[in-house]
Structure formats: structure tokens, C-alpha cells
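As C-alpha cells, the structure follows; a few thoughts come after it.
The values are calculated or read from the model by the stated rules, or taken from the named source; none is laboratory data. Small disclaimer: the values here were computed from a predicted structure and weren't measured. Here the Cβ is made from the backbone with ideal geometry for all residues, glycine too, and neighbour counts use every protein chain on show.
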Amino acid sequence: MIAMDDPRHRRFRGIVQGAFTHRSVRQISGTVEHHDRTLVETIPSHGEFDFVEAIAGKLPLLAICELLGIPPEDRDLVQRLTDQVVGNSNELFTNSPGLSPSVVEIYSYAALLGTARRSSPTDDVISRLLRPQSEDAGEGGKLTVEEFASFLVLLITAGYDTTRQTIAWAIYLLTAHPGQLRWLVEDFDGRIDGAIDEIVRWTSPVPYMRRTAIADASVGDLSIAAGNKVVMWYLSANHDETVFSDPASFDIARQNSSRQLGFGARDPHHCLGANLPKLEVRTLLKELPYQYPSLKTGTPDLVLSAFISGIHRPPSTIDEAHLLSGSMDVAPGPR
């Protein structure tokens, strides 16, 4: 879908967007909170552990599976294939998740699942997406089994990994700035939206996207000819000093962090599933500081990728130092 133009893109997006509305995501919020608490309880009471393996690498996929209705017995398989697709081993430089042979296995699994739901529908999102004239069908009708399989590949390879990286960066940045974490906790509901925007702005989990110009155009003083390859640097836009003051600084009290483009430009390809990662980050940050106030993370290993700005294994520890005892290290303004 990210490579489609209208009218095909409009039809496809019209079918699947119902699965990602605020209402749809809110309906699974209780289940996501349950998964979050269960995962947090697996963190050791002291010593070092791998935060990505324990939490960040599991919660996003569980949320996607819950949202779509992927059977619990299939989730270990989906996890294994997803890790292979997104290069979670960090043993090889990852250029594009689409080059992984495991993409074919995920597509085959999704096609079998779609065929089963088509013949024996339930009340889950998968069945509704495949059902003619469903409430989630929008202006497009329904997905074919092949279209659903492609959609699931996109959701797993794009939605899962970017959320995993956002969660990992969130914990690393907030434990590196304990005063900011304390300020967030003092008024969590009033400050969490701005904090999430700042996390996404600073990290830009997807640094860029490439397009092909289909007509001559100009951007500023630059002329772009039809057929030219154009790279849109979200990372650069999110650190534009004409928009964000001191853009290299991480500051959850930043007044205009909502202008970040980490979910894409405000265009027809704006991230369809942005509500889901926001729910996951919100849920985790509301739970984790209270359960483990002494959580700290060290300097992380970065993912070896040309397409993802992410953390592979941030060394995380639980020790006796109380994380939330630090003083505020930014000057928050009114929100």
C-alpha cells in the first residue's frame, strides 16, 4: 500500500482504515494493558536484562495480533518469521525487509488464514476485512485473500518493527533523562501525548522514504524531473532548526513537538496505524516507572539497517538507585 497511487491506494486504504480508528484501538486497550503487565512482570527484580527481548520486541506484535484476531497458537510462528524479516538478529546489515525469504512464508501464512476466515468468518477484524460490505470496508468493498496477505506482510514488517524501536528508544531516552521522566509521571495524562511526539521526533524510527516523481515539480529552488528518484528525509525534517529550537536536544516539554513527521507527511500516505503504537507507548510508560522505578539503560547497540533507526539491545538494569528521584532537567512550559 505504501507504493500505491490513487485510485488503487484510495480503495485499499478505505478498506483497512476502519481497523485503526481510535474506536477500534480503544476496544483492545484493556487487552494491551494486560499483555503489558504480564510482560513487565517477567523483568528480573535485579541485575541486567535485554529490554528489547523482554518487552519492546513482544508487545507490538501481541497488539497487532489482538487487533486483527490472529489465533494465539499462531503467534510464536508469526514472531519468529517477523524477527527474520526485520533482521532482529543484527548479524547482517539489513537493507530492506522485503528482501527476506521469510516474507514469502508470512504471505503464505496470511493467505491460508484469510482463506479460513473467508469460509468460516468470526467477529474479528480479519473476517470483517474479507467480508463484503462490512463496517470496516469503507468505500472499497472488501479485500481479496491476496490483498489481505499483502496487507499483513506490510503491517508486520512496517508496523511491528517501527513500534518496537519507538518503545526501545522511549525507555532509553527517559531513563537517560530521569528529571524528564519524573516530570512526565507528575501529570501523566496531561503530558504523555507531547512526550510521545517528542520521542518520535527525536528518534525518527523510519528516517526516510523514497518516491518516484511522476511529473515535473519544484521544491524550493530545486527542480525535480518526472522519473527522478526522490528521498524524503523525515529525520531531517524532525531536526529542522527553523521549526524546532535546539533540535538535537530531547525535551518532552517542547511546545511544538506535534509538528513531527515521524508518522509521515500529512498526505494520503500518512501512517494508517499511528493510533496503535501511541496506545502501546502510553500503556507501557504508565506502568513501567511505578513497577520498576530503578530501571536504567546503558549505551545501546544500534540496529544495522539502512532503513530503520533503532536499538538492537540496550543493556538494562534494575538497581537500588531510585530513577524518579532526579530533579527536573528541562524547563516545562504551559501545555
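Computed quantities for the displayed model
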quantity	calculated
Some residue of the range 247-266 being out of contact with any Cys (no Cβ under 7 Å at 6 or more places or on another chain) and modelled with pLDDT under 90	yes
Number of positions in the range 136-155 that are at pLDDT below 75 and either in contact with a Pro (Cβ under 9 Å, 6 or more places away or on another chain) or over 21 Å from L279 (Cβ atoms) (or both)	5
Subset tally (residues that are buried (at least 17 other Cβ atoms within 10 Å of the Cβ) and either under 26 Å from M232 (Cα atoms) or without any contact (Cβ under 8 Å) to a residue 60 or more places away in the chain (or both)) for the range 295-311	7
Check on V206, of a type in the set (A, V, I, L, M, F, W, C) and under 16 Å from the mean Cα position of the chain (by Cα)	yes
Any hit, the range 35-52, residues being in contact (Cβ under 8 Å) with a residue 24 or more places away in the chain and closer than 30 Å to A213 by Cβ	no
Leading residue by the ranking (surrounded by the most Cβ atoms within 10 Å (Cβ to Cβ)) among those in the range 184-214 that are assigned to a loop (DSSP other than H, G, I, E, B) and modelled with pLDDT under 95	P205
